[in-house]
1. Roughly how many whole Å is it from the C-alpha centroid of region 79-97 to that of region 1-48?
2. In degrees from 0 to 90, rounded to the nearest 10, what is the angle of the helix 90-100 Cα long axis to the longest principal axis of the chain?
3. Percent relative contact order of region 1-112, based on C-alpha pairs within less than 8 angstrom and at least six residues apart?
4. Using only the alpha carbons, work out the radius of gyration and Dmax of the chain in angstrom.
5. Please report the antiparallel percentage of DSSP beta bridges with both residues in the chain, rounded to the nearest 5.
6. Could you please tell me the mean projected area of the C-alpha convex hull for region 1-41, averaged over all directions and given in square nanometres to one decimal?
7. Accessible area of the chain with a 1.4 Å probe: how many percent of it is carbon plus sulfur?
8. About its Cα centre, how strong a charge dipole does region 16-120 have in debye, to the nearest 20, once Lys and Arg get +1 and Asp and Glu get -1 at the Cβ?
Amino acid sequence: MLIFITGGVRSGKSSFAEKTAMALAKEINGQLHYIATGVASDPEMQERVCRHQKDRANGPYLWKTWEKPYLVGKLGSKFSKRDILLLDCVTTLLNNEFYLHEAELDSHVLKGIKDRVLSGIIKLAGCSHSLIVVSNEILFEPCQSPFVLSYQKLLGELHQEIVQRADKAYMVEMGIPILMKGDLS
């Protein structure tokens with residue numbers, strides 16, 4: 001199963017994703033895996049990473065955390081159909097890939113980035129019981145920078161392709177998950 005969860009910054013999407021993963025793990029007596037794409041590059045990000053790690057450590061379930069800022073598909077061989085994966089988040093993963101190729105962002109490179117991110121997600125979904133993918137909605141922000149516009153366009157395309165493949169898709173606003181695709185069950 002592939003579940004996509006998106007929303008604005010600090011909307012509650014990560015908390016909802018974690019609760020969803022824990023419920024799925026309980027249903028199948030599965031193992032929880034957290035694939036963290038963030039790089040703690042400044043004090044604010046370090047604090048966020050620590051807070052998320054504490055939340056998972058103090059919860060009722062044991063999470064195995066994988067720090068993977070690039071090429072998430074390479075983790076595929078680590079999982080089985082008894083595993084529930086939470087990938088947090090596509091926005092950061094895409095950002096990391098983007099900055100690896102910052103100096104050479106032509107259409108060929110952009111397509112390669114998109115294909116790598118999407119194929120990694122597809123691989124993770126195929127080798128696990130469930131993959132929950134978290135992302136951010138940043139497409140409403142005005143922007144004049146060609147670099148940022150390229151990023152926004154690529155993120156929008158990724159969202160569309162992930163949701164097309166997803167069994168369920170949610171938008172989280174103000175802590176409230178709104179089902180956009182799939183059954184309520």
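The values are calculated or read from the model by the stated rules, or taken from the named source; none is laboratory data. What you are looking at is a predicted structure, and each value in this text was computed from that prediction instead of being measured. Methodologically, a virtual Cβ is constructed for each residue, glycine included, from the backbone with ideal geometry; neighbour enumeration extends over all protein chains shown. In case anyone asks, the SASA skips ligands and DNA or RNA and just uses the protein heavy atoms, side chains included. Shrake-Rupley method; radii C 1.70, N 1.55, O 1.52, S 1.80 Å.
1. 9 Å
2. Once rounded, the angle reads 40 degrees.
3. 33 percent
4. My reading of the Cα-based Rg and Dmax gives 15.8, 48 Å.
5. 15 percent
6. 3.7 nm²
7. 55 percent
8. 620 debye
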